[in-house]
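I have placed the structure first, in the form of structure tokens, so that the comments after it can refer back to it.
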Amino acid sequence: MIIAIDGPSGAGKSTVAKLLSKKLNFEYIDTGAMYRALALKARMCRIEVCAENEGEIDKMLKTTSVDYSNSCIYLDNVNVESSIRAEDISIGASKISALKNVRTRMVELQRKIAENKDVVLDGRDIGTKVFPDADFKFFITASEQTRAERRYRQIEASGKTADFSNVLADLKQRDINDTTRENSPLRMAEDAILIDTTDMDIVETVEAISRIIGGSNVL
Ligand code: C5P
């Protein structure tokens with residue numbers, strides 16, 4: 001069974017998807033982590049992510065392995081979970097994920113990793129592109145201000161300092177990148193269920209989704 005959770009940055013998708021997968025005893029795949037790993041690799045190779053460097057990025061892609069298993073992201077067989085959450089990697093991921101060959105490769109990988117499994121995947125294009133026939137599709141969103149505040153608190157909780165106006169500006173930029181790119185722009189699938197979490201906490205969100213899944217008699 002495939003449960004697709006899409007939505008903009010900072011909407012709480014990954015926390016919700018993780019909790020939901022635990023509750024259902026499903027695997028969890030954080031597809032954003034896969035793009036983040038590629039952004040990290042580009043930084044390690046000192047390749048600036050831009051359209052002019054697409055050829056170089058294609059070459060990098062051919063010699064790079066990305067995997068997601070047991071809720072951890074592996075880049076060239078090394079667990080890089082702790083290195084991919086920095087703000088510059090977020091922006092890098094947003095840029096690298098707009099490239100056609102990058103998307104083709106990651107979508108292929110995501111389908112392969114999820115093959116024959118019960119999985120909750122979160123991302124931007126799961127319900128529209130990766131698994132258009134997913135059993136359940138949710139589009140989780142929240143107001144821009146709320147999403148930026150959540151991201152800000154997350155950074156502070158990790159022991160780092162952040163400037164709220166920068167966090168908000170980065171979030172807005174990523175929204176623009178994600179929704180206006182040519183390849184698989186972020187949009188809600190026609191058959192997805194919209195969940196606005198502006199006034200909901202994580203537990204309420206997971207409960208709302210669980211009720212919908214449970215009420216469907218599919219599980
Ligand atoms: O979800 P997360 O913020 O970790 O994703 C990082 C970036 O990767 C996003 O800003 C988005 O540009 C890109 N992404 C994507 N498609 C996905 C998941 C993430 O384009 N399925």
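At-a-glance table
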{"quantity": "Qualifying positions in the range 130-140 - open to solvent by 10 Å² or more (accessible area, probe 1.4 Å) and either under 19 Å from ASP67 (Cβ atoms) or under 13 Å from the mean Cα position of the chain (by Cα) (or both)", "calculated": "PHE131, PHE139"}
{"quantity": "Candidate set: the range 1-25, residues that are in contact with a Lys or Arg (Cβ under 8 Å, 6 or more places away or on another chain) and outside any strand (DSSP E or B); chosen: the one nearest to the ligand (Cβ to nearest atom)", "calculated": "SER9"}
{"quantity": "Within the range 49-82, tally of residues that are open to solvent by less than 50 Å² (accessible area, probe 1.4 Å) and either touching a residue at least 40 places away in the same chain (Cβ under 8 Å) or of a type in the set (A, V, I, L, M) (or both)", "calculated": "12"}
{"quantity": "Matching option when the condition is in contact with a Lys or Arg (Cβ under 8 Å, 6 or more places away or on another chain), within 16 Å of the ligand (Cβ to nearest atom), open to solvent by less than 20 Å² (accessible area, probe 1.4 Å) and not hydroxyl-bearing (Ser, Thr, Tyr), among ALA33, ALA39", "calculated": "ALA39"}
{"quantity": "Qualifying position, being more than 21 Å from ILE176 (Cα to Cα), surrounded by fewer than 19 Cβ atoms within 10 Å (Cβ to Cβ) and of a type outside the set (Phe, Trp, Tyr), among ARG85, ARG46", "calculated": "ARG46"}
{"quantity": "Failed criterion for GLY127 (all others in (1) of a type outside the set (D, E, K, R); (2) in contact with a helix residue (DSSP H, G or I) (Cβ under 9 Å, 6 or more places away or on another chain); (3) surrounded by 14 or more Cβ atoms within 10 Å (Cβ to Cβ) hold)", "calculated": "(2)"}
{"quantity": "Pick from the range 90-118, criterion surrounded by fewer than 23 Cβ atoms within 10 Å (Cβ to Cβ) and β-branched (Val, Ile, Thr), ranking: nearest to SER71 (Cα to Cα)", "calculated": "ILE113"}
{"quantity": "Filtered residues of the range 156-189 (kept if farther than 24 Å from ALA208 by Cβ, surrounded by 18 or more Cβ atoms within 10 Å (Cβ to Cβ) and among the aliphatic types (A, V, I, L, M))", "calculated": "VAL167, LEU168"}
{"quantity": "Pair list, Cβ < 9 Å and 6+ apart or interchain, from the range 146-173 residues that are under 18 Å from SER82 (Cα atoms) to residues that are open to solvent by 70 Å² or more (accessible area, probe 1.4 Å) and hydroxyl-bearing (Ser, Thr, Tyr)", "calculated": "ILE155/THR161"}
{"quantity": "Per-region count, the range 88-101, residues out of contact with any Lys or Arg (no Cβ under 9 Å at 6 or more places or on another chain) and farther than 14 Å from ASP178 by Cβ", "calculated": "2"}
{"quantity": "Options LYS100, LYS117; residue that is of a type in the set (Lys, Arg) and more than 16 Å from the ligand (Cβ to nearest atom)", "calculated": "LYS117"}
{"quantity": "Matching residues in the range 142-155 - criterion: being surrounded by fewer than 22 Cβ atoms within 10 Å (Cβ to Cβ) and not in a helix (DSSP H, G or I)", "calculated": "SER143"}
{"quantity": "Residue count, the range 6-30 (criterion: open to solvent by 20 Å² or more (accessible area, probe 1.4 Å), farther than 18 Å from ASN177 by Cα and touching a helix residue (DSSP H, G or I) at 6+ places or on another chain (Cβ under 6 Å))", "calculated": "2"}
{"quantity": "Some residue of the range 66-81 being closer than 22 Å to ASP175 by Cα and part of a helix (DSSP H, G or I)", "calculated": "no"}
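The values are calculated or read from the model by the stated rules, or taken from the named source; none is laboratory data. Computed from a prediction, not measured in an experiment: that's the story for all the values here. Quick reminder, even Gly has a Cβ in these numbers, built from the backbone with ideal geometry, and neighbours come from all protein chains shown. We work out accessible area using only protein heavy atoms, side chains counted, and drop any ligands, DNA or RNA first. Shrake-Rupley method; radii C 1.70, N 1.55, O 1.52, S 1.80 Å.
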